[in-house]
Amino acid sequence: MDNSILPRTHNSKWISGLFILLLIISASFVYSNTFHNSFVYDDINFITKNDPHVHMTVFSWEKIKEAAFEGQPRHRYLPNISFAINYYFGKENTFGYHLFNLAIHLMTGIFLFFFFLLTLRIYFEKIKSPPRSEAGASISVSPAVISFFAVLIWLVHPVQTNGVTYVCQRMASMVAMFYVLAMLFYVKGRLVLLDGKTKTAVLFFTGCIITVFCAVASKENAGALPVFILLYEWFFFADLKDFRSYRALPWIIIGLVVFTGIAIYFLGDDPFQRILNSYSRREFTLPQRVLTEFRVVVYYLSLIALPFPGRLILDHDYPLSYSFFDPMPTIFCMGLLFGLAVLAFYLAKKERLISFCIFWFLGNLVIESSVIGIEIIYEHRLYLPSMFVYLMITIIVFRFFKSRWAPIGLLTAIAVVLSLLAHQRNTIWQSDISFWTDSVKKAPDKARPYQNLAYSYQMEKDFDHALVYYQKSIDIKPHPVVFFNMGLAYSKKRHYCEAVDAYINAMKLNYNTPQAHSNLAIAMANMGEFQTAIKHFKQAAAMNPDDTSAKRNLASLLNFLRRCKNQITCVRNRIQQQPDNAALYFKLGMLYEKQKNRQEAIKAYKKVFEMVGESARKVFLLSLNRLAVVYSVTGETDRAIEMLKKGIRLVPDNPHFYYQLAGVYAGSNDGEMAIEWLDKAVKKGFNNWDQIKSDKRFDRIRYTPYYRNLKKQF
């Protein structure tokens with residue numbers, strides 16, 4: 001009887017074929033509910049709205065070149081070509097994109113199965129004495145069985161959904177596919193070379209070189225591939241002999257040259273400056289990122305072990321590390337990873353495959369989890385590094401049991417549970433609204449998920465929900481694009497006062513674009529602020545002379561103003577064109593106030609009330625305030641107070657109404673009430689001392705102790 005735990009056995013082609021069929025069926029079940037899922041997040045940037053270069057409508061060599069070399073992100077030629085092909089056949093129908101992603105996932109799994117199979121056979125040929133189970137008994141299990149379960153768990157693991165269901169992360173799955181295929185070609189080439197079949201070996205090595213280039217043309221983390229080809233050679237063919245051997249030296253030099261060439265290709269001739277420049281748009285520094293990544297890598301391991309859907313999210317809100325001890329887990333995670341690396345070196349002689357598995361995981365995370373200033377954490381970065389972790393887990397499980405069937409039963413149960421969890425996770429991706437709703441639940445203190453959820457609602461023309469989530473995003477962290485999108489949403493609702501505020505806030509945060517000026521001009525024109533609208537139309541046209549829409553809108557507005565001649569007539573004419581526009585009635589009231597035609601002003605403001613209803617809309621609050629001013633001027637103090645108190649009831653945190661109420665009381669010689677409400681205004685945040693000083697209504701209280709104390713306070 002063969003005593004080895006994993007003896008070298010001849011597996012017929014039909015058994016391998018059966019295993020491959022089971023892998024295809026299992027993975028297809030997991031992703032069977034993804035084919036009609038929406039584009040989300042960067043899918044929109046790289047595929048739909050912001051990348052016309054992959055919108056191939058004519059199948060030609062020129063269009064393929066355009067997709068490869070002009071598509072975003074740059075240097076990811078093959079994924080961009082694949083997006084263009086998808087677009088050619090299905091436009092923005094997501095079915096073809098998801099089918100393509102699943103095909104890549106399945107092909108990667110098949111290549112990985114054969115790669116594992118060859119690795120296990122090579123490894124156990126080189127073992128001098130068989131490893132024992134925990135109970136001391138040896139177990140006879142085919143390498144094909146080990147390979148099958150390792151690949152099965154990798155294929156159906158929920159953490160892979162970010163690399164498969166997330167369409168644009170075809171980049172991660174495609175580079176992994178070519179990476180594994182290059183390793184497989186290399187191993188096959190070395191094996192046939194050992195058998196003296198030089199011509200066949202040349203074919204495999206040629207295939208290896210081609211697939212290395214394909215991997216590099218897919219994503220930057222292919223840079224680790226030449227290093228791992230060398231490491232594989234050293235572990236499994238060179239028998240861990242001294243690298244200083246004259247035979248090893250040329251291969252080491254070639255590997256380093258290739259690695260350096262790939263690094264220069266992606267980072268340029270000044271890689272250090274390129275790395276430093278990558279932090280210019282980030283909210284963390286290089287030391288913070290490096291320290292944080294120690295915790296992130298340990299977190300990745302925890303996701304492999306405990307991939308519950310509640311822990312999986314595209315846009316993690318992961319806290320930064322600021323020093324070795326802030327937060328405290330940083331130093332422990334550094335120690336753990338250092339210990340893993342030491343363990344890998346220690347096990348290299350006795351447990352070579354386990355050692356290689358550890359190096360594979362750590363080494364393939366180095367590019368994306370070290371010094372380059374990219375996002376802190378993404379689950380799709382586990383797609384390639386996690387492969388050998390599952391092989392290691394599978395081997396350990398088989399070693400632990402005396403019986404052959406117990407580990408098979410356990411691994412099957414694990415695969416079933418993981419499949420169900422992954423299938424459940426994929427339901428989150430069914431629409432961008434369901435996806436981002438899940439994200440805001442899991443990252444409630446991060447602005448970006450709220451922003452993306454709001455944008456998703458906006459695309460569905462649900463502007464009310466969009467504005468709610470844009471506001472939540474702003475409350476966490478103001479962002480100019482969020483303000484701009486809020487302006488668009490408010491404009492669609494014809495809430496032009498709020499739209500103007502949003503566009504102005506975007507510009508204050510340096511979103512000084514032609515689109516911002518043009519949209520602000522449109523909103524201003526819809527409020528009756530025609531001269532301001534002209535100014536911003538001109539600004540938009542000057543910033544982008546090729547944009548004919550700003551020039552056309554400007555010409556239309558100027559022509560309209562020439563026909564109506566005076567401001568009140570212009571506003572009235574605009575009201576005839578837009579009878580449901582409450583902002584125009586507010587402007588009309590302001591114009592009548594300016595002419596001291598207070599009765600017409602009151603009618604205009606009351607018309608706003610009829611149209612809008614009692615609400616916190618800005619046009620209602622502005623009209624409420626102006627009506628209070630008119631009543632105060634005409635001596636109807638009680639009505640003015642009623643209007644202002646209504647404003648306080650609607651927006652209790654707005655200090656303006658408190659201030660105006662204080663002014664009304666002061667103007668009616670009620671100094672005690674004036675002081676009371678002025679104090680409330682200050683406590684609510686009113687801090688315009690210049691306005692208080694110049695407001696003549698407060699002349700009667702300037703010599704009171706309260707006013708003197710207030711002056712000192714400011």
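The values are calculated or read from the model by the stated rules, or taken from the named source; none is laboratory data. None of these values were measured; they are calculated from a predicted model. With ideal geometry, Cβ positions are generated from the backbone for all residues, glycine too; neighbour counts draw on all protein chains shown. Areas reflect the complete protein model, heavy atoms only, side chains present, ligands, DNA and RNA absent. Shrake-Rupley method; radii C 1.70, N 1.55, O 1.52, S 1.80 Å.
Applying the condition of being in contact with a Ser or Thr (Cβ under 7 Å, 6 or more places away or on another chain) and part of a helix (DSSP H, G or I) to segment 22-45 and asking which residue is least open to solvent (accessible area, probe 1.4 Å) yields 30. Of the residues making up segment 306-333, those that are in a helix (DSSP H, G or I) and under 24 Å from the mean Cα position of the chain (by Cα) are 309, 310, 311. Only one of the numbered conditions (1) modelled with pLDDT of 90 or more; (2) surrounded by 15 or more Cβ atoms within 10 Å (Cβ to Cβ) is not met by residue 302, and that is (2). Before we move on, is residue 48 surrounded by 13 or more Cβ atoms within 10 Å (Cβ to Cβ), in contact (Cβ under 8 Å) with a residue 24 or more places away in the chain and polar (S, T, N, Q)? Answer is yes for this residue.
With the requirement that a residue be under 18 Å from residue 526 (Cα atoms) and surrounded by 18 or more Cβ atoms within 10 Å (Cβ to Cβ), what does segment 540-550 give you?
Here is the first cut: in segment 540-550, the residues under 18 Å from residue 526 (Cα atoms) are 540, 549-550.
Selection gives 540, 550.
No other residue among 635, 613 is without any contact (Cβ under 8 Å) to a residue 24 or more places away in the chain, of a type in the set (Gly, Ala, Ser) and within 25 Å of residue 493 (Cβ to Cβ) apart from 613.
What do you reckon, is residue 173 among the polar types (S, T, N, Q), open to solvent by less than 10 Å² (accessible area, probe 1.4 Å) and outside any helix (DSSP H, G or I)?
So residue 173 does not fit the description; no.
Residues that are open to solvent by less than 40 Å² (accessible area, probe 1.4 Å), closer than 16 Å to residue 496 by Cα and in a helix (DSSP H, G or I) within segment 561-584 comprise 571, 574, 575, 582, 583, 584, listed in sequence order.
Every condition in (1) at pLDDT below 95; (2) out of contact with any Phe, Trp or Tyr (no Cβ under 9 Å at 6 or more places or on another chain); (3) within 17 Å of residue 160 (Cα to Cα) holds for residue 368 except the one numbered (2).
Filter segment 338-353 for residues that are in contact (Cβ under 8 Å) with a residue 40 or more places away in the chain and open to solvent by less than 20 Å² (accessible area, probe 1.4 Å) and give the result. Scanning segment 338-353 gives 348, 353.
Just the residues that are among the acidic types (Asp, Glu) and either under 24 Å from residue 582 (Cα atoms) or touching a Ser or Thr at 6+ places or on another chain (Cβ under 9 Å) (or both), please, taken from segment 624-652.
If the condition is that a residue be among the acidic types (Asp, Glu) and either under 24 Å from residue 582 (Cα atoms) or touching a Ser or Thr at 6+ places or on another chain (Cβ under 9 Å) (or both), then 642 is the only one that fits.
When residues in segment 423-455 are screened for being more than 21 Å from residue 33 (Cα to Cα) and of a type outside the set (Lys, Arg), 12 of them pass. Do we have any residue at all in segment 117-130 that's surrounded by fewer than 20 Cβ atoms within 10 Å (Cβ to Cβ) and free of Cβ contacts under 8 Å to residues at least 24 places away in the same chain? Yes.
Considering only segment 79-93, state which residues are open to solvent by 20 Å² or more (accessible area, probe 1.4 Å) and hydroxyl-bearing (Ser, Thr, Tyr). Residues satisfying the conditions are 87, 88.
Is there a residue in segment 562-573 that is free of Cβ contacts under 8 Å to residues at least 24 places away in the same chain, of a type in the set (Ser, Thr, Tyr) and farther than 27 Å from residue 485 by Cβ? Yes.
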